[in-house]
1. State yes or no: is Val173 of a type in the set (Val, Ile, Thr) and either outside any helix (DSSP H, G or I) or more than 22 Å from the chain's Cα centre (by Cα) (or both)?
2. Please specify each residue of region 345-369 satisfying the condition of being touching a residue at least 40 places away in the same chain (Cβ under 8 Å) and within 15 Å of Phe295 (Cα to Cα).
3. Only one of Glu388, Glu355 is of a type outside the set (Lys, Arg), within 19 Å of Leu494 (Cα to Cα) and outside any strand (DSSP E or B). Can you tell me which?
4. Could you list, in sequence order, all residues of region 30-48 that are in contact with a helix residue (DSSP H, G or I) (Cβ under 8 Å, 6 or more places away or on another chain) and outside any helix (DSSP H, G or I)?
5. How many of the residues in region 192-204 are crowded, with 20+ Cβ neighbours inside 10 Å and of a type in the set (Val, Ile, Thr)?
6. Can you tell me which residue within region 263-284, out of those that are among the hydrophobic types (A, V, I, L, M, F, W, C) and not in a loop (DSSP other than H, G, I, E, B), is farthest from His177 (Cα to Cα)?
7. From Asp111, Asp82, which residue is at negative phi and of a type outside the set (S, T, N, Q)?
8. Based on this model, can you work out whether Ser345 counts as more than 30 Å from Asp121 (Cβ to Cβ) and of a type outside the set (Val, Ile, Thr)?
Amino acid sequence: MPAAKKVSVKKTVLTEIDQSLSVWPHSLFTDYDIDLFLVGKHFRLYEKMGSHLLTVENTAGTYFSVWAPNAIRVAVSGDFNDWNTNSHALNKRWDKSGIWEGFIPNLKKGDVYKYFVKGFDESEHLKGDPYAVRWEHPPQTASIIWDTDYSWKDKSWLKKRPKLNALDQPISVYELHVGSWQRDPNNPERVLNCREVAAALVPYVVEMGFTHVELMPVMEFPFFPSWGYQITGYFGASSRYGSPQDLMFLIEELHKADIAVILDWVPSHFPGDRHGLYEFDGTHLYEHADMRKGFHPDWKSYIFNYDRNEVRSFLISNALFWLDRYHADGLRVDAVASMLYFNFSREDADAATNEYGGSENLGAIQFLQDLNVAVYGNFDGVQTIAEESSTYPGVTHPVYAGGLGFGMKWMMGWMNDTLKYFKIDTLGRKHHHHKLSFSMTYAFTENFMLPFSHDEVVHGKSPMLYKMPGDDWQKFANLRALYGYMFTHPGAKLLFMGNEFGDTNEWNFTQSLDWHLLQYPPHKGMQETVKALNFLYRKEPALYHFNFSYEGFEWIDADNSDESIFVYMRKGPKAKDTLVIALNFTPVVRENYKIGVPFKTTWKELFNTDAIEFYGGGIKNGGDIVPEEQGYNNQEFSITVDLPPLAVVIFKSK
């Protein structure tokens, strides 16, 4: 990434607005900055917009700039002037940018402020700074003068990131909510800050073998039950989790342990809180004025106007900000389908159309393409991931080929079909065999990530364990088999916190995970299963090298619906990498079960979810497994093995 250019502070021309001498007319913007901003191509606005601690003419203070083109007056109001809305009015630039700016001497780090904005209709608004890097702790809503200075010590990670974060490497993501992964044990009501969380989280992630951590939104948001998905402070690290530097510390500690960090990012909508982006200058500035395009009926929130150049500059600058200033290794972009289609969650009769009469939001499509070009063009070794639930084609295809340019896409169809299958009583699974085999008909049309995310364990959907049928033993066996299937299916992996040890409650954002369950053998066995799968996944190239290519997968038997058994191969760059995976999804032991194999060499059992250490029954295939020179399942050779009940078994040639 090229170094940011140094920009000199220069004087601007005063407008006719009555200007207090307490605000000096200075600017960080060059004419080139303004040109880029107006055409939607300024992707480093955080270096100019917002509040910046500066020394001007030997006087320390803070420079402010804010976009409010339809306002007739903008002033800075805060604790430094007893929230006076008249004493510190900003200057409106003489150009067409709609930017108000000025330098206020003696304002220092930690001072609290808002923008007083008077609209063209004389309406008055007190707004937080859209570019503030720190905010007051909710329910307080003011911005805080702060910086993003940090002495980073993760150069080693950044150097090797392009290799370790590549698509031909293992990608196993641990998704978590900072506010509820672990609470203060002495005061369960207290949310730990990122620095405190790091002490336990980093060694845990390392021990469990995950390669990535995905943080649910850490940007400032007003309503805790939104989990961060309705953001007001896009550039601010949420004060609920400490200071910006506390979040940087957590990311740095993960990097030191060779763990990549993905941040959830929400450019799809924002809430209508009066201190936020909504009607920022008295008009629909960030949101679309046409509420068929600008209002989300499900979330009661407002949709960005992607047709507006300045809004695209804001959003793409925000994406780059987190990759730049916080050293994030990727962005998981939330609710992409809601951006792509005007008729998302609307009846066609109530939805807008594009200029050609279609339902696609062409401005959003252009924005997403511009976003991915900017991200991949400015940072080495990062990834963008689309949470996208529609059948929109080419989400992970290159922009130059007409795609959206994402690195990966959540495989929502796989997740839905898989959970529907596993919820079925084991005796009835033979009638729904296709729910699992179907995913391979489209598995390589995109670069897919297999998600069992927070969305699957809230709002009455039940925890993962209780989605499983049968008695307690069968529930745990089913869940171990589900994870065995997930880790051997092509695609990157994502598991939400608590899923790894079989939490018995739905996720509750107001309390810590139920860590006490690990004292019980079934839950400890579940955790050991996920740990072993992670390390096996990282060790065996067949499980990751061709995650997004037909070269890495071959069916051996997809048709044994009567016994609910599936057998397939995963392949790596070399023939010796090949694994044969057998899945038995009934509670019946299949003794002397014949499987076709591609090689005459001796085989061995490499992994078994029924192992005793996983709280399984301990049915295994010990010793060497010698193939017969008898073809089977369209393979040249065959082996005879025992398949444990409700289990996944992996074989490898010696």
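1. Judged against the criteria, Val173 is a match.
2. Ser345, Arg346, Asp350, Ala351, Ala352, Asn361, Ala364
3. Going through Glu388, Glu355 in turn, the sole match is Glu388.
4. The answer is Val39, Gly40, Lys41, His42, Phe43, Arg44, Lys48.
5. 1
6. Phe270
7. Asp111
8. Against the criterion (more than 30 Å from Asp121 (Cβ to Cβ) and of a type outside the set (Val, Ile, Thr)), Ser345 qualifies.
The values are calculated or read from the model by the stated rules, or taken from the named source; none is laboratory data. Note that the coordinates shown come from a computational prediction; the quantities given were computed from them, not determined experimentally. Reconstructed Cβ throughout: ideal geometry from the backbone, glycine too, with neighbour counts over all protein chains shown.
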